[in-house]
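The values are calculated or read from the model by the stated rules, or taken from the named source; none is laboratory data. Fair warning: this is a prediction, and the values are worked out from it, not measured in the lab. All Cβ positions, even for glycine, are placed from backbone atoms using ideal geometry, and neighbour counts span all protein chains on display. SASA here: full protein model, heavy atoms, side chains in, ligands and nucleic acids out. Shrake-Rupley method; radii C 1.70, N 1.55, O 1.52, S 1.80 Å.
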Amino acid sequence: MTLRGGGYGAASVADLADVSEAVPLREVASAAREAPVPCIRLFTERVLVDRGWGRDSDYEEIEAPLIALSFRYPGARLRSSDPEPRFFTSAGGAMALMERDRAAEAHAQRLLESFGATPLDCLDDYGIAPDVAADYVVRVDGDAHAYCAFSTYALPRLRALGWQVEVDDRYRYQVVEEDVPWYASVEASEEEPDWFNLELGVEIDGRRINLLPILLDLLDNARGQKTLGALERASTRFFALPVGDTRYLPVAPDRMKVLVRVLVELYEGEGGRGTHHIAFPGRQASVLEQLDLAFAEDELAWEGETEVRQRGRRIAKAPTTSADRPKGLQATLRPYQEEGLAWLQHMRACGVGGVLADDMGLGKTLQTIAHFVTEKSHGRLVHPALVVAPTSLVFNWEREIRKFAPHLDVVVLQGPSRHDRWTRVPRADVVLTSYPLLVRDEERFSGQPFQVLVLDEAQNIKNVRSQAHKAVRTIDAEHKLCLTGTPLENNLGELWALFDFLNPGLLGDERRFRAWYRHPIERSGDEERLVALQQLVAPYILRRIKRDVAKDLPPKTELMRPVELTGKQRELYESIRVAAHAQVRQAIKKKGFVASTVSILDALMKLRQVCCDPRLVRMDAARFVRESAKYQFLFELLEEQLAGGHRVLVFSQFTSMLALVARGLSERSIGYVALTGSTQRRHEVVDAFEGGAADVFLISLKAGGTGLTLTSADTVIHYDPWWNPAAQAQATDRAYRIGQTKPVFVHNLFVAGSVEERMLRLQQRKQKLASAVLGQGPGPGTLTEDDVDALFAPLDD
């Protein structure tokens with residue numbers, strides 16, 4: 001008797017015909033008394049796959065994961081591919097002819113196929129030997145991850161449904177089912193001080209397996225294909241165990257996401273399977289803390305240099321107590337300023353650089369001076385502290401130090417006689433200089449060690465290719481600090497530039513940062529990547545805003561004041577807009593969008609000047625336009641404010657516009673003072689206004705946006721909007737800062753429906769980007785061709 005179905009024990013009607021007379025048969029059962037039990041067997045086998053549409057030379061031999069499906073009935077087991085509708089069984093002691101339950105079998109087949117199994121009889125391009133008892137291939141288009149996913153998800157569910165599941169011992173896609181312990185080993189580098197090596201792996205059956213070679217090879221491949229984001233968002237990944245073990249290790253999506261983030265931050269690239277550890281500097285220790293996020297308690301065992309991990313934990317955990325006022329400081333610190341001092345001390349103790357990014361007017365200068373005094377009182381100011389500031393702020397630093405810490409020895413390196421003062425530098429407590437002079441005297445500065453290096457208005461080094469950025473990188477300083485209310489003004493590249501100075505390597509190299517963070521966030525609005533970046537930089541940035549910490553500040557009211565263009569001014573705007581838009585489109589078509597930046601900005605400049613006053617436009621068509629809606633509106637607003645006893649700051653980006661306003665004020669016998677980039681003695685102008693010599697202060701946005709305290713003013717007028725919302729906020733905060741006792745009103749003038757109104761919308765996008773990175777809101781994208789078209793759109797009716 002020949003048994004069919006690859007050796008399964010069930011005899012067909014034809015096979016048993018010769019014994020039907022010898023054995024009394026019961027009547028044929030109309031259906032099985034019990035539902036058949038589906039049985040599957042997983043195994044791998046070499047098969048031929050047609051890769052060339054039938055051409056013999058294009059057959060490829062592969063090792064395919066196959067499934068044999070059968071059904072166990074009472075007393076019999078049948079292949080799913082057996083065509084016979086009935087079978088003989090001796091269950092119950094007597095031979096019986098029974099009907100197969102085709103509906104139950106079909107249901108089981110559909111269920112198996114829903115997990116991705118593909119019937120072999122549907123695949124014309126698979127060549128399988130006749131003696132191979134297989135009915136399905138696990139996944140016709142799958143890879144190791146897909147095959148392991150079937151083992152992980154399908155097999156437990158089928159078993160739970162009562163299926164009999166058999167896996168061949170040599171089946172290549174078995175999965176480690178139990179939770180295995182992970183380990184992270186950190187060892188000090190023998191080659192470089194304060195560098196460490198990280199190994200990451202699992203322990204299975206008492207054997208340690210280092211997973212870094214596999215993980216790093218995966219990262220290298222993903223970088224080459226520019227699919228790192230997909231890797232981070234991938235489903236469960238499966239990693240082949242070393243040779244001799246046919247199993248794979250599953251890594252869940254949440255754990256994989258954290259592992260990818262940590263490795264991307266620490267791994268410099270191009271090592272793959274030849275790399276058994278990652279080398280990283282101690283200043284990146286805080287990244288190790290993120291590993292614990294991927295594991296429950298006791299799932300990850302840390303070994304080796306535990307001190308570096310503790311350092312990372314200290315960096316990640318901000319101080320919870322405020323610092324006491326240091327002896328010798330002639331000022332009373334507010335509670336949030338005491339917290340700021342404690343944070344500065346915390347950064348110094350951890351040996352990492354930080355960004356004090358408090359809102360304008362919250363006293364970043366005072367907190368830094370308190371930090372200097374604390375270092376001095378504890379004997380840690382072995383070398384002088386160096387403060388680099390914009391030229392206009394050096395005097396302000398000298399005045400503030402002499403006011404709040406007169407016992408500190410200050411040397412100001414500014415002006416032609418600065419070289420004579422270099423002999424005092426080694427013995428000084430604080431040295432003050434400007435960015436231009438640091439660049440000019442770079443060789444001298446780089447040869448002098450400093451205890452602390454402070455960059456005031458640190459956005460001055462936001463361009464990594466600028467001379468200022470290169471110069472500050474050459475300074476030998478034990479501790480580095482950046483002071484800025486705007487750590488990010490336009491794009492994430494500026495943030496990378498700050499950290500390239502403060503903690504080189506923390507955000508990776510510029511290319512990797514651009515691919516991993518900047519492009520996904522700015523271009524695609526990738527929220528996951530934004531959260532990852534925010535978590536990474538959070539320990540190194542202290543950001544407080546006025547409404548949260550300065551509860552005693554009076555309210556600030558922002559007013560948007562639209563102005564309508566009419567008559568000849570409106571006609572001039574439209575004529576310039578049409579011509580400029582055509583020129584910009586032609587430039588973009590010829591040179592591309594990026595190369596057309598200068599042409600775009602030049603065209604927009606003309607439109608902005610028309611909005612401010614036609615007298616700013618150097619065109620014949622503008623010479624005969626006498627109307628200026630915004631100019632007229634400004635003087636109506638000024639007369640109203642001055643009549644109410646208010647003192648006013650007027651900001652504009654155009655110094656030529658301020659000159660026109662000054663002429664108008666003189667014609668109306670209204671007293672004013674002015675501050676622009678050409679002003680020589682700015683402190684005398686500031687003192688004159690604060691002393692009440694005039695009630696109107698005209699200030700250019702670039703010259704007066706920082707370093708001024710003008711709390712005697714309670715009204716701020718922005719005559720024209722600027723691309724950078726942070727620059728306008730800085731200008732506003734000349735009046736709205738600590739010491740202000742009156743409510744402040746901010747009037748933002750703009751021409752309705754014009755390029756100015758559309759600029760304000762772009763401002764909002766940039767503000768969202770900065771807020772998002774600092775953990776205060778969602779982020780947007782950057783300027784696109786669609787934005788340019790919107791900027792050149794016609795005036796609204």
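Using a cut-off of 26 Å between alpha-carbon atoms, which lysines can reach residue 257, once sequence neighbours fewer than 8 places away in the same chain are excluded? Hits, sequence-local ones excluded: 226, 317, 768. Of the cross-linked pairs 546/702; 364/470; 403/556; 327/403; 327/376; 556/742, those separated by over 18 Å at the C-alpha level are 546/702; 364/470; 403/556.
Taken about its Cα centre, the chain carries a charge dipole of roughly 3860 debye when the Cβ of each Lys and Arg holds +1 and the Cβ of each Asp and Glu holds -1. Cα convex hull, the stretch 272-340: 158 Å³ per residue, rounded to a whole number. Within the stretch 278-293, what residues put their amide N at less than 14 Å from the label point 7 Å along the Cα-to-Cβ vector of residue 535? 286-293, by backbone N distance to the label point.
Heavy-atom accessible area, probed at 1.4 angstrom with all protein chains present, ranks 262, 578 as 578, 262, highest first. Distance from the Cα centre of the stretch 637-674 to that of the stretch 579-632, in angstrom? Spelled out, the Cα-based centre of one part sits 26 Å from the other.
Note on residue 509 and residue 605: with the Förster distance fixed at 25 Å, the Cβ-Cβ geometry gives a FRET efficiency of about 0.10. Of the trypsin sites (Lys or Arg not before Pro) in the stretch 146-205, the ones in a loop by DSSP (not H, G, I, E or B) with at most 15 other beta carbons within 10 Å are 170. The heavy atoms of residue 723 offer some 40 square angstrom of accessible surface to a 1.4 angstrom probe. In summary, the lysines within cross-link reach of residue 630, defined as a Cα separation below 17 angstrom excluding same-chain residues under 8 places away, comprise 568, 606. Ordering 193, 291, 741 by Cα displacement along the dipole of the chain toward the positive end leaves 741 in first place; charges were set at the Cβ atoms of Lys, Arg (+1) and Asp, Glu (-1). Excluding same-chain neighbours fewer than eight residues apart, the aspartates and glutamates reachable from residue 589 by a Cα-Cα span under 20 Å are 602, 785, 786, 787, 789. For the stretch 596-615, backbone nitrogen atoms closer than 18 Å to the point 7 Å from residue 626 Cα along Cα-to-C-beta are found at 613-615. Each of 459, 504, 472 was placed along the dipole of the stretch 424-545 (beta-carbon charges, centred on the mean Cα), and the one lying farthest toward the positive end is 472. Under 4 °C and 1.567 mPa s, how fast does the stretch 374-529 diffuse according to Stokes-Einstein, given a Kirkwood radius computed over C-alpha pairs? Answer in µm²/s, whole number. For these conditions, the coefficient is 78 µm²/s. For residue 173, the solvent-accessible surface computed with a 1.4 Å probe is close to 20 Å², ligands and nucleic acids excluded. Accessible surface of residue 647, taken over heavy atoms with a 1.4 Å probe and every protein chain present, rounds to 30 Å².
Distance from the C-alpha centroid of the stretch 473-522 to that of the stretch 290-308: 28 Å, rounded to the whole angstrom. Between the C-alpha center of the stretch 58-87 and that of the stretch 386-463 there is a gap of 83 Å. Note on residue 566 and residue 667: the model spin-label points, each 7 Å out from Cα along the C-beta direction, lie 1.9 nm apart. Helical runs assigned H by DSSP (4 residues or longer) give the chain a calculated mean residue ellipticity at 222 nm of -10500 deg cm²/dmol, each run adding -39500 (n - 2.57) before division by the residue total. Computed in the context of the full set of protein chains, the accessible area of the stretch 324-448 at 1.4 Å probe radius has 48% of its extent on carbon or sulfur. Convex hull volume of the Cα atoms of the chain, normalised per residue: 247 Å³.
Please compute the length gained on full extension between residue 303 and residue 391, using 0.36 nm multiplied by the number of residues separating them and subtracting their Cα-Cα distance. So the extension gain works out to 26.6 nm.
Accessible surface calculations at 1.4 Å, restricted to protein heavy atoms, place the stretch 110-214 at 53 Å² per residue.
Picking from 83, 595, 71, whose Cα lies most toward the positive end of the charge dipole for the chain (charges on Cβ: Lys, Arg +1; Asp, Glu -1)? After comparing all options, I get 595. At a probe radius of 1.4 angstrom, the accessible area of the stretch 637-746 per residue rounds to 37 square angstrom.
Contact order, relative form, for the chain: 8 percent (alpha carbon pairs under 8 Å, 6 or more residues apart, mean separation divided by residue count).
Relative to the compact-globule estimate of 2.2 N^0.38 Å, the Cα radius of gyration of the stretch 401-441 comes out at 1.19.
Measuring nothing but alpha carbons in the stretch 310-467 and taking Rh as the Kirkwood radius, the Rg to Rh ratio lands at 0.95.
In this Cβ point-charge picture (+1 for Lys and Arg, -1 for Asp and Glu), the stretch 331-435 has a dipole of about 320 debye about its Cα centre.
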